Amino acid sequence: MTDPVILLPGMMCDARLFAPQIAVLSATRPVMVAPLADGDTVAAMAAAILQYAPPRFALAGLSMGGIVAMEVIRQAPSRITRLALMDTNPLAEAPERAKMRDQQIARVLGGALKAVIRDDMKPHYLADGSDRRTILDLCMDMALALGPDVFARQSRALQTRPDQCETLRGVDVPTLILHGAEDRLCPAERHELMRDFVPGAILARIDDAGHLPTLEQPKPTNEALEKWLTM
């Protein structure tokens, strides 16, 4: 029997981030999406996922989901059968970025969630494309559905996240490193770094995509994930 797949979404995203992947991958295996809402540290979020996850599973995370995925495999390497890290970053938070998050948290808890998502986050998400407006509207819908408390918890978790470079050096399962070619939040060199850390890792660049290739370019993203699941 094929191992189930757990998908971890990015910051202020839910299962809709992976709708095209769920539609394809669920034809051959169980697919689950784990929310990143329990706790305000990466370690607590990873522990919550492991509490409810199957004994062994393939794990894929995008952006913040990739950051949590690295912590999941650090905590329980024997339970992960495959690892996919998409548009993410293995490094700890830079001090200036952490300071900026404090300002965002204060604004969001003061009632400005929509403005923060619209002005600080959405402009950096996507490459230019015909579906840009539709995807940005979906990003706003997901963020507003999750709400300000989740924004604050996720922001604090990102502020204090650990460097996972040593974790990646110890990964010994089939690994995919995937990124949008036009990702401005997590540029290509971050993904090349992760590829170099993990023995045998495959690097997939998705053209005409930014930070959310699962929605921007679902067909090549799905093809890369299906190949990863048969590595």
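Each reported figure results from applying straightforward, stated rules to the coordinates on display, with no laboratory input. What you see is a predicted model, and the numbers here were worked out from it, not measured in a lab. Reconstructed Cβ throughout: ideal geometry from the backbone, glycine too, with neighbour counts over all protein chains shown.
In table form, for the structure just shown:
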{"quantity": "Computed over region 1-51, Cα set: Rg, Dmax in Å", "calculated": "12.0, 35"}
{"quantity": "For region 103-231, average projected area of the Cα convex hull in nm²", "calculated": "8.7 nm²"}
{"quantity": "Cβ-Cβ FRET estimate between residue 26 and residue 75, R0 fixed at 22 Å, reported to 0.05", "calculated": "0.25"}
{"quantity": "Contour minus Cα-Cα distance for residue 122 and residue 181 (0.36 nm per residue)", "calculated": "19.5 nm"}
{"quantity": "Fraction of the pair-distance distribution of region 44-169 above 20 Å, Cα-Cα pairs, percent", "calculated": "52 percent"}
{"quantity": "Over region 1-111, equivalent-ellipsoid semi-axes from the Cα gyration tensor in Å", "calculated": "27, 16, 12"}
{"quantity": "As computed over the chain, the Cα convex hull volume per residue (Å³)", "calculated": "106 Å³"}
{"quantity": "Note, ³J(HN,Hα) from phi for region 76-81, Karplus 6.51, -1.76, 1.60, rounded to Hz, x at Gly and Pro", "calculated": "9, x, 6, 8, 9, 8"}
{"quantity": "Shape of region 106-178, Cα gyration tensor, a/c cut at 1.5", "calculated": "oblate"}
{"quantity": "Straight-distance crosslink candidates among lysines, where the alpha carbon sits under 29 Å from residue 122 and sequence neighbours closer than 8 are dropped", "calculated": "99, 114, 219"}
{"quantity": "Size of region 97-138 as Cα extents on the principal axes (Å, biggest first)", "calculated": "34, 21, 11"}
